[in-house]
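For reference, the structure discussed in these notes is given below.
Every read-out reported here was derived from the displayed coordinates using simple, explicitly stated rules and does not represent laboratory data. Here the structure is a predicted model, which is why all the values come from computation and not from measurement. Note that we place each Cβ from the backbone using ideal geometry, even for glycine, and neighbour counts take in every protein chain shown.
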Amino acid sequence: MRKKYLLFYFLTICIVFFFCSCSSTKRTSHYNRNHSSYSHKRPNNNNSNNSTVFADSKQYLKEHSTKLTNYCSSWIGTPHVMGGMSKDGVDCSGFVWNVYNDVFNINLPRTSQDMEKAVEIIDNQEDLKEGDLVFFNGGSGNKVNHVGIFINKDKFVHASSSKGVIVSSLNEKYWKNLYRSGGHHPKMKNKKRK
């Protein structure tokens, strides 16, 4: 009887971790981007701390004005919604998918794990260029569960599960500990980045 309870709790925990990962459910790239996969909006929790983060993120992107940063600036403050694909709510891979599709005309896979498989891995952070992907592993096992887009120096833009779309630093202790690798999409070699 006790083994049944332990098995039940173990399976419950596994299911919770599976659904909480940022890689979301696998989807084809043929869907309506303007429609969030959920009918509800997640509250933005727009307290003064988030307002400062959003303002700082927009200011940073404005100071480093490129086609990529100008586009990303319009997404700052968009709330995180697992499986979301629009400015009503977006998850990390949905945000990256939209940016690559709209800015670079590159159709990426939908999940962060599949995105990692579609790029040339960059081991050295110093070799990252604007528009390269950055991958993180914050869960159990060795799988990617978060993705963002490198801007410059140590900055990247991503859909944080707690604050939505923001600019963060790879040197922040949290992200430094979770950093896995960078990635360069092969089609980016022919793209202008400015």
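Between ARG180 and residues 5 or more places away or on another chain, which pairs have amide H atoms under 5 Å apart, with H built 1.01 Å from N, and which residues are they?
Amide H neighbours of ARG180, under 5 Å, 5+ apart: PHE135, PHE136, ASN137.
Out of all DSSP beta bridges in segment 64-194, what portion is antiparallel? Express it as a percent rounded to 5.
On the way: 22 of 23 bridges.
Rounded to the nearest five, the antiparallel share is 95 percent.
Compute, for segment 47-194, the length of the dipole vector about the Cα centre, with Cβ point charges of +1 (Lys, Arg) and -1 (Asp, Glu) only. Units Debye, rounded to 20. Before the final figure, lay out the partial values.
On the way: 20 positive and 15 negative charges, 63 e Å.
Rounded to the nearest 20 debye, it is 300 debye.
Show me 63-71, 161-169 ranked by packing, highest mean number of other Cβ atoms within 10 Å first.
On the way: 63-71: 15.8, 161-169: 20.1.
In decreasing order of mean packing, 63-71, 161-169 become 161-169, 63-71.
May I ask for the percentage of alpha-carbon pairs in segment 64-194 that lie more than 25 Å from each other?
Value for segment 64-194: 14 percent of Cα pairs lie more than 25 Å apart.
Please sort by residue number the GluC sites (Glu not before Pro) in segment 91-194 whose DSSP state is loop and whose Cβ has at most 16 other Cβ atoms within 10 Å.
Sites meeting the loop and neighbour criteria: GLU172.
What is the distance, in nm, between label points placed 7 Å from the Cα along the Cα-to-Cβ direction at ASP102 and at TYR71?
Taking the simple label geometry, ASP102 and TYR71 are separated by 0.8 nm.
Under the definition of Cα pairs under 8 Å and six or more residues apart, what whole-number percent is the relative contact order of segment 64-194?
28
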